[in-house]
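See below for the structure under consideration.
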Amino acid sequence: MNILREVGGGLLKMFVADGWLAAGVVAVVSVAGILTRSGGVPPLIGGAILFLGCIAVLVASVALAGRQHRRDR
Amino acid sequence: MISLTTAAPAVSAAFVASLVEVVEAFTIVLAAGTLRGWRGAIAGTAAGLVVLASIVVALGPLLEQVPLHLLQLVIGVLLLLFGMGWLRKAVLRAAGIVPLHDENAAFAAKTAALSDATTPLRSGYDWLGGVMAFKAVLLEGLEVVFIVIAVGAGRGLLLPASVGALAACVVVLAIGAIVHRPLARVPENTLKFAVGVILCAFGVFWTGEGLGIAWPGADLMILLFGALFLIVGLGAVAAIRQPPGAAAR
């Protein structure tokens, strides 16, 4: 049971190493998906939202960790 | 027939990503084998590989049943979650915010944990070492399996991706058998950075394809996405870089 729990925890950590990053990625994909599939924006604009959104989430997550590190020192 | 230009990105991505994971698993198996005996460590490793092989055999036919767009969307999102996690960690390590992963330190920690274990070392077969090796192979191996499926399944490139992962195992085992110590010289963070960039690029591409976006230039967009993620990653390192020795303990 212990091994199963550790494997389950390892699998979860594989995809959700940082909660905010994972939530941000899911939010960006959801927004891009809804806008594209509903016809609200042309597919290529949806693609740009997806890519730029991911970049924004990454930069925000790294910047947040950097600021936290400076505050903790 | 799969052309070399189609297969090369999948093979190299699977090889480099697997290299990082196999090195980490090797360090733990080495600690288990050195301290608790090789029979247990080898049995644990073999058991881990059998479980992994079973997962691959079970998943293979299942993946063929999933519609391609849904498969690309699910794998694309998982790739984004996995790849952006790796890229974030690699950026923070390169910037000195998080300490670099040290295989020698990992080996020392595992060795200390096994030395402190209350279970007495028996001659021949040792469960503690075997279980530690099993968990290491299974956990790191699951990441390898995911990477192989992620870079291979969307384009029918499972075989080339598997070859890349297998090559990484062979390289690490061959070097490990010769030097018989943790492979601390492998530039783990540089590899992780590179793989993070590649996985993010594949992730955006396949998520988009899964959503029905026809990317201009088709597969060439993966290169563009990769280049842009690399520039952003390097820029982020430069922006938050800490002086040497300032990494969090």
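Quick grid of which residues meet (1) outside any helix (DSSP H, G or I); (2) of a type in the set (A, V, I, L, M):
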site: B:LEU70; (1), (2): no, yes
site: B:LYS89; (1), (2): no, no
site: B:PRO99; (1), (2): yes, no
site: B:ALA112; (1), (2): no, yes
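Output the number of residues of the stretch A:45-65 satisfying the condition of being within 21 Å of B:ALA214 (Cα to Cα) and either within 7 Å of chain B (Cβ to nearest Cβ) or under 13 Å from the mean Cα position of the chain (by Cα) (or both).
8
Mind checking whether some residue in the stretch B:178-186 is on the phi < 0 side of the Ramachandran plot and at pLDDT 80 or above?
There is at least one residue in the stretch B:178-186 that is on the phi < 0 side of the Ramachandran plot and at pLDDT 80 or above.
Could you list, in sequence order, all residues of the stretch A:17-28 that are without any contact (Cβ under 8 Å) to a residue 24 or more places away in the chain and within 7 Å of another protein chain (Cβ to nearest Cβ)?
If the condition is that a residue be without any contact (Cβ under 8 Å) to a residue 24 or more places away in the chain and within 7 Å of another protein chain (Cβ to nearest Cβ), then A:ALA17, A:ALA22 are the ones that fit.
Might you check whether a residue that is more than 30 Å from B:VAL137 (Cβ to Cβ), of a type in the set (Asp, Glu) and assigned to a loop (DSSP other than H, G, I, E, B) occurs anywhere in the stretch B:200-215?
Scanning the stretch B:200-215 turns up no residue that is more than 30 Å from B:VAL137 (Cβ to Cβ), of a type in the set (Asp, Glu) and assigned to a loop (DSSP other than H, G, I, E, B).
Restricting to the stretch B:167-189, give me the number of residues that are free of Cβ contacts under 8 Å to residues at least 24 places away in the same chain and within 16 Å of the chain's Cα centre (by Cα).
2
What is the residue count in the stretch A:6-15 for residues that are closer than 16 Å to B:ARG88 by Cα and either surrounded by fewer than 16 Cβ atoms within 10 Å (Cβ to Cβ) or more than 7 Å from chain B (Cβ to nearest Cβ) (or both)?
So the count comes out to 1.
Quick one: which of A:ILE55, A:ILE3, A:ILE45 is crowded, with 18+ Cβ neighbours inside 10 Å and among the β-branched types (Val, Ile, Thr)?
Testing whether each residue is crowded, with 18+ Cβ neighbours inside 10 Å and among the β-branched types (Val, Ile, Thr) leaves just A:ILE55.
Tell me, which residue of the stretch A:18-42 that is part of a helix (DSSP H, G or I) and among the polar types (S, T, N, Q) is surrounded by the fewest Cβ atoms within 10 Å (Cβ to Cβ)? Before you say what the answer is, go through the steps one by one.
First, the residues of the stretch A:18-42 that are part of a helix (DSSP H, G or I): A:19-37.
Filter once more, keeping what is among the polar types (S, T, N, Q): A:30, A:36.
Numbers: A:SER30: 12, A:THR36: 22.
Filtering the stretch A:18-42 for residues that are part of a helix (DSSP H, G or I) and among the polar types (S, T, N, Q), the one surrounded by the fewest Cβ atoms within 10 Å (Cβ to Cβ) comes out as A:SER30.
In the stretch B:200-226, what count of residues is obtained for those that are of a type in the set (Asp, Glu) and either at the interface with chain A (Cβ under 9 Å from one of its Cβ atoms) or surrounded by fewer than 20 Cβ atoms within 10 Å (Cβ to Cβ) (or both)?
Final tally of qualifying residues: 1.
Which residue, of B:ALA41, B:ALA8, B:ALA14, B:ALA47, is farther than 26 Å from A:VAL16 by Cα and buried (at least 19 other Cβ atoms within 10 Å of the Cβ)?
B:ALA41
The values are calculated or read from the model by the stated rules, or taken from the named source; none is laboratory data. Note that the structure is predicted; figures quoted are calculated from it, not measured. Virtual Cβ from ideal backbone geometry, glycine too; neighbours counted across all protein chains shown.
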